[in-house]
Amino acid sequence: MCGIVGYIGDKKVSEVIIEGLRRLEYRGYDSAGIAVVDRDGTLSMQRSAGKLTRLCEKLEKNPIDHGTYGLGHTRWATHGRPTEENAHPHTDNDGKIVVIHNGIIENYLELKKEMESKGHLFKTDTDTEVAAHLIGKNFDGSLIDAVRISIPMLRGHYAFLVIAVNDPDKIVAVRNGPPIVIGLGEDENFVASDIPAILPYTRKMVFLNDGEIAEVTRKNLNIYDFNGEKIEPDVQTINWDPIQVEKGGYKHFMLKEIFEQPRAVRDTLYGRIAPEEGDVYISEINLDEEQVRKINRIIIDACGTSWHAGLVGKFYLEQLTGLPVEVDYGSELRYRDPIVNENTLGLIITQSGETADTISAMRILKEKGARLVSICNVAGSMASRQSHGVVYTHAGPEIGVASTKAFTSQLIALLLIAVHIGRRNGFLKKEEAMNILEDMMKLPHHMEIGLEHLPGKLEDIAKELSNKRDFLYLGRGLCYPIALEGALKLKEISYIHAEGYPAGEMKHGPIALIDENMPVVALAPGDKVYEKMLSNIEEVKARDGIVLALVDTNDTNLIGKADYIIELPIVPDLMKPILYTVPLQLLAYYIAVKLGADVDQPRNLAKSVTVE
Ligand code: M6R
């Protein structure tokens, strides 16, 4: 949450920063600001409430044309309303130290009171301004020293960038939780909270670790731990294509990312499977035969859409490995006292690799002795670095706040892991694994067929249903988590209330809600619970609910019963959740578009939730 960008170099500083913020706007978009320092030490700042375009309008009237280094921020408010006054950057008492920040400084009130008693004047309600004042108070000519002295006084989970007019031509970056990535250029350097801001300029990047401070000048990068010990930067080359962070002719990133799914699934799969051997090879999973044989329990830790992937993963893993699997929300797991030992495998699912609740819970699993494998989409992210092993999803950068291609890629990764473990612990027979892997290879093609036929039909249905205020999504077995995911997609981007339910639970409560105004999206593929789903659909129709049924191609059982029918290619049961996700994403998308909602940046949300 919150996007931060810093640049030092010969390019037009304000342009690089605004362009970087544009690429990070998915992290927060309720206010924005920029600060640039000129060669003669003049500090120029502009801030604005609202989206980045409001800041750009201000900059058109009062451009910041000069400058050699600077910072910019796009905010997701935690402390203080999203006003211009509370927008970052914030300055110290003398207006010479400038800070932008992501995260929360928990003891800011205590620090504020103490500094107020010594004459400091605060202009905002933010915790960030307190950090600026503190660094200003400790400044004695060296910015990095002032930051180092201030850090032990700050409590919380934060990342910030600081510049000082009186220690010019450098940006100091601190990471104590939320991500910071540094992009290395020729005679110029970049700092940001996420890769897309930097990707158009360089692929050489350094990810700061927790507890590190970086001093970035146009020619150098020096990294230290909080005790001042120097650390050698670990430079990585990112293989994402800059084109992937553009809309490429689509109206929204979300739509583009829905259409990218066959490619994302292929990329996550290829190079890792040997169907003729009935096996998968994922070296970075870092689980050898002996470690696999020791595992007697799996705990999945995730949030949001990734948690839904975990629910599907439970089916995959139990069925293919014979091991008991629990799926927990990071925000719950972290406050429980889970039963974990060295025979437990902790499976961490996170697109960003930065979700605060997921990360805290994974640390607890690790402390208790679990071996950790993360399924992650961002190379070098916190989750990937703190796990013993990692299975990267190769979805590419996901910019739309509503997760789409990352989810279906996570399901592929979970199937791969299930086959990997099942083959090594002796539970999964070679022939069965061979069949599953063959089916996985055919899946992208089935998704492509779906994507050819579905959009027009779903757009029409969306037009008819977009005036409804409540939706119920029902599924059973492997498709029950997909019902939850479909409902989440709809509420996130269209602000329509939607509930996902295992269809068998409907009669225990939600059935009371059904009337002629309630659309019920029923996932009814031809699997082993198909007939049960048909009965549930009958129950909905008996109460005048509006049924949109998703079924296998050529299923005629619901003609004349369901109000709308969407047919999907027939695939084996394990593949169905992946395929059946696509129409639900499109339905949510077209309803949101019809309602004029901001699809890629829905209100109150942010892509990476780095606060508790
Ligand atoms: O990056 P993560 O996978 O850890 O993110 C978890 C959730 O915040 C995320 O899936 C969220 O629910 C999405 N907005 C869903 O579309």
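The values are calculated or read from the model by the stated rules, or taken from the named source; none is laboratory data. What you see is a predicted model; the values in this text were computed from it and never measured. Quick reminder, even Gly has a Cβ in these numbers, built from the backbone with ideal geometry, and neighbours come from all protein chains shown.
Being assigned to a strand (DSSP E or B), more than 13 Å from the ligand (Cβ to nearest atom) and either touching a residue at least 40 places away in the same chain (Cβ under 8 Å) or outside the structural domain of Val312 (by TED's automatic domain parsing) (or both) is the filter here; which residues of the range 357-377 pass it?
The answer is Arg371, Val373.
Of the residues in the range 592-603, none is free of Cβ contacts under 8 Å to residues at least 24 places away in the same chain and β-branched (Val, Ile, Thr). When the range 414-434 is filtered for residues that are of a type in the set (A, V, I, L, M) and surrounded by 22 or more Cβ atoms within 10 Å (Cβ to Cβ), the ones remaining, listed by number, are Leu414, Leu415, Leu416, Ile417, Ala418, Val419, Ile421, Leu428, Ala433. The residues of the range 334-356 that are at pLDDT 95 or above and either closer than 25 Å to Cys2 by Cα or within 16 Å of the ligand (Cβ to nearest atom) (or both), listed by number, are Gly346, Leu347, Ile348, Ile349, Thr350, Gln351. Scan the range 523-539 residue by residue and report those that are farther than 12 Å from Gly504 by Cα and crowded, with 24+ Cβ neighbours inside 10 Å. Matches in the range 523-539: Leu523, Ala524, Pro525. Total residues in the range 330-352 satisfying the condition of being under 25 Å from Leu411 (Cβ atoms) and either outside the structural domain of Ser387 (by TED's automatic domain parsing) or surrounded by fewer than 17 Cβ atoms within 10 Å (Cβ to Cβ) (or both): the figure is 1.
The residue pairs whose first member lies in the range 313-339 and is in contact (Cβ under 8 Å) with a residue 60 or more places away in the chain, whose second member is away from the ligand (no atom under 13 Å from the Cβ) and aromatic (Phe, Trp, Tyr), and whose beta carbons are closer than 6 Å, counting only pairs six or more residues apart or on different chains, are Thr321/Phe427; Gly322/Phe427. Inspection of the range 601-611 finds a residue satisfying the criterion of being out of contact with any His (no Cβ under 6 Å at 6 or more places or on another chain), at pLDDT below 95, of a type in the set (D, E, K, R) and within 16 Å of the ligand (Cβ to nearest atom). Looking at the range 255-293, which of the residues that are β-branched (Val, Ile, Thr) and in a helix (DSSP H, G or I) is farthest from Ile493 (Cα to Cα)? Per the criteria, the residue is Val292.
Within the set Leu437, Leu411, Leu443, the sole residue that is within 16 Å of the ligand (Cβ to nearest atom) and either surrounded by 24 or more Cβ atoms within 10 Å (Cβ to Cβ) or in a helix (DSSP H, G or I) (or both) turns out to be Leu411.
Summed over the range 378-405, the residues that are at pLDDT below 90 and within 11 Å of the ligand (Cβ to nearest atom) give a count of 3. The test for being modelled with pLDDT of 90 or more and surrounded by fewer than 24 Cβ atoms within 10 Å (Cβ to Cβ) does not hold for Thr83. Inside the range 126-166, can you point out the residues that are aromatic (Phe, Trp, Tyr) and under 22 Å from Ala192 (Cβ atoms)? The answer is Tyr158, Phe160.
Mind listing whichever residues of the range 540-558 are within 32 Å of the chain's Cα centre (by Cα) and surrounded by fewer than 21 Cβ atoms within 10 Å (Cβ to Cβ)?
Just the residues of the range 540-558 that are within 32 Å of the chain's Cα centre (by Cα), to begin with: 547-552.
Across the range 540-558, the qualifying residue is only Asp552.
Within the range 353-400, the set of residues being of a type in the set (Ser, Thr, Tyr) and surrounded by 24 or more Cβ atoms within 10 Å (Cβ to Cβ) comprises Thr355, Thr358, Ser374, Ser381, Ser387, Thr393.
Within the range 296-329, being within 12 Å of the ligand (Cβ to nearest atom) and either farther than 16 Å from Ala383 by Cβ or more than 22 Å from the chain's Cα centre (by Cα) (or both) holds for one residue alone: His308. When the residues of the range 579-600 are filtered to those that are away from the ligand (no atom under 16 Å from the Cβ) and either of a type in the set (A, V, I, L, M, F, W, C) or over 25 Å from Gly313 (Cα atoms) (or both), the one that is surrounded by the fewest Cβ atoms within 10 Å (Cβ to Cβ) is Gly596.
Among the strands (runs of 3 or more DSSP E) confined wholly to the range 163-254, which include 3 or more residues that are assigned by TED's automatic domain parsing to the domain that holds Glu354 and on the phi > 0 side of the Ramachandran plot? Before the answer, list the steps.
Working: elements: 171-176, 181-184, 189-192, 204-207, 212-216, 221-225, 235-237.
It comes to none.
Can you tell which of Leu478, Leu484, Leu458 is within 16 Å of the ligand (Cβ to nearest atom) and in a helix (DSSP H, G or I)?
Leu484
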